[in-house]
Amino acid sequence: MPEDQSPRGPRHVAIIMDGNGRWAQARGRPRLFGHHAGAKRVKEIVRACKPLGVKYLTIFGFSTENWKRTQAEVAGLMSLFRQYIRKEARALKAEGVRVRFIGDRVKLDDKLRALMDELEELTQENDDVHLTIALNYGGRDEVARATQRLAQDVAEGRLKPEDVDEETLPKYLDTCVLPDPDLVIRTSGEARISNFLLWQSAYAEYEFIDTLWPDFSKEEFRGLVDAYSARDRRFGAISA
């Protein structure tokens, strides 16, 4: 066990990285300046995971609702995702990070999809930290797509309707190979989950903090991981 890891620490942490735009505007800079600063913060938090015993980290990069932003901001974000993959691929491979992407890839451009596929393939043998990046992701959209695949299996006789239970649907979700998140963190002071990991987070612990994402430090991350270790997770039962 790593020196810093609590035996009750979270194995899977999910983060809604909010506040990039406000961080930039407070400095008189365009919103994309904040997104670039936020991308640098991702790198620091990924590196902090292993010493803290966090095996899985899932981050909310771009939601199905984010297409409603200005064309300039969306284009800038897509360019940033491509830059991040190109720049960080070798380091992620060398540092033992396995990268996966979840979400509906159909609407993403061909170059970005190709880079996503390449990074997943490049890091597929890594096992120190599993980084999952949600791009064009929405929890309701994910459940709808999973239900379509499940319904197709029922229609084609591969699954009986009476065999469908709460253990069945997760096998069709984008996150089917991942454990459910233990801790969900949202930065920037907003206290909502914004359509993120709706099914998977049913029993997660939540932390809504005021810090804007570009200011979220590895020390604050460590504090939240430590605080989680003191929580009594009963899953509907009663403490002994």
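Among the residues making up region 187-223, those that are farther than 25 Å from N136 by Cβ, in contact (Cβ under 8 Å) with a residue 60 or more places away in the chain and part of a helix (DSSP H, G or I) are D215, K218, F221, R222.
Just the residues that are of a type in the set (S, T, Y) and closer than 20 Å to V184 by Cα, please, taken from region 96-139. Once the filter is applied, which keeps residues that are of a type in the set (S, T, Y) and closer than 20 Å to V184 by Cα, region 96-139 yields T132, Y137.
The set of residues in region 39-74 being of a type in the set (G, A, S) and within 19 Å of A89 (Cβ to Cβ) consists of A39, G61.
Which of the residues that make up region 101-111 are in contact with a strand residue (DSSP E or B) (Cβ under 6 Å, 6 or more places away or on another chain) and surrounded by fewer than 16 Cβ atoms within 10 Å (Cβ to Cβ)? Matches in region 101-111: K107 only. The number of residues in region 66-91 being among the aromatic types (F, W, Y) and under 17 Å from the mean Cα position of the chain (by Cα) comes to 2. For region 129-151, give me each residue that is within 21 Å of M116 (Cβ to Cβ) and free of Cβ contacts under 8 Å to residues at least 60 places away in the same chain. Listed by number, the residues that qualify are E142, R145, A146, R149.
What pairs come up if the first residue lies in region 165-186 and is in contact (Cβ under 8 Å) with a residue 12 or more places away in the chain and surrounded by fewer than 17 Cβ atoms within 10 Å (Cβ to Cβ), the second is hydrophobic (A, V, I, L, M, F, W, C) and part of a loop (DSSP other than H, G, I, E, B), and their beta carbons are under 8 Å apart, counting only those six or more places apart or on different chains? What qualifies is T168/L159; L169/W199; P170/C176; P170/W199. Looking at (1) of a type outside the set (A, V, I, L, M); (2) outside any loop (DSSP other than H, G, I, E, B); (3) without any contact (Cβ under 8 Å) to a residue 12 or more places away in the chain, can you tell me which one H36 breaks? Unmet for H36, out of (1) of a type outside the set (A, V, I, L, M); (2) outside any loop (DSSP other than H, G, I, E, B); (3) without any contact (Cβ under 8 Å) to a residue 12 or more places away in the chain: (3). Here the condition is being of a type in the set (F, W, Y) and either under 23 Å from V99 (Cβ atoms) or touching a Ser or Thr at 6+ places or on another chain (Cβ under 9 Å) (or both); of Y172, Y203, it holds for Y172 alone. Total residues in region 89-104 satisfying the condition of being closer than 16 Å to I59 by Cα and part of a helix (DSSP H, G or I): the figure is 1.
Taken together, the criteria place V46 among residues that are of a type in the set (A, V, I, L, M, F, W, C), in a helix (DSSP H, G or I) and buried (at least 19 other Cβ atoms within 10 Å of the Cβ). Residues in region 52-100 that are in contact with a Gly (Cβ under 7 Å, 6 or more places away or on another chain) and surrounded by fewer than 16 Cβ atoms within 10 Å (Cβ to Cβ): E65 alone.
For the residues D174, D215, the requirement of being farther than 20 Å from R11 by Cβ, of a type in the set (D, E) and under 19 Å from the mean Cα position of the chain (by Cα) singles out D215.
Of the listed requirements (1) out of contact with any Pro (no Cβ under 9 Å at 6 or more places or on another chain); (2) in a helix (DSSP H, G or I); (3) surrounded by 22 or more Cβ atoms within 10 Å (Cβ to Cβ), W23 misses just one: (1). Quickly run through region 118-128 and pick out the residues that are free of Cβ contacts under 8 Å to residues at least 60 places away in the same chain and either farther than 23 Å from M17 by Cα or outside any helix (DSSP H, G or I) (or both). Selection gives E118, E121, L122, T123, Q124, E125, N126, D127.
Taken together, the values in this text are just the output of simple stated rules run on the coordinates, not laboratory data. Just so it is clear, the model here is predicted, and its values are computed rather than measured. Because the Cβ atoms are built from the backbone with ideal geometry, glycine has one as well, and the counts that use them run over all protein chains shown.
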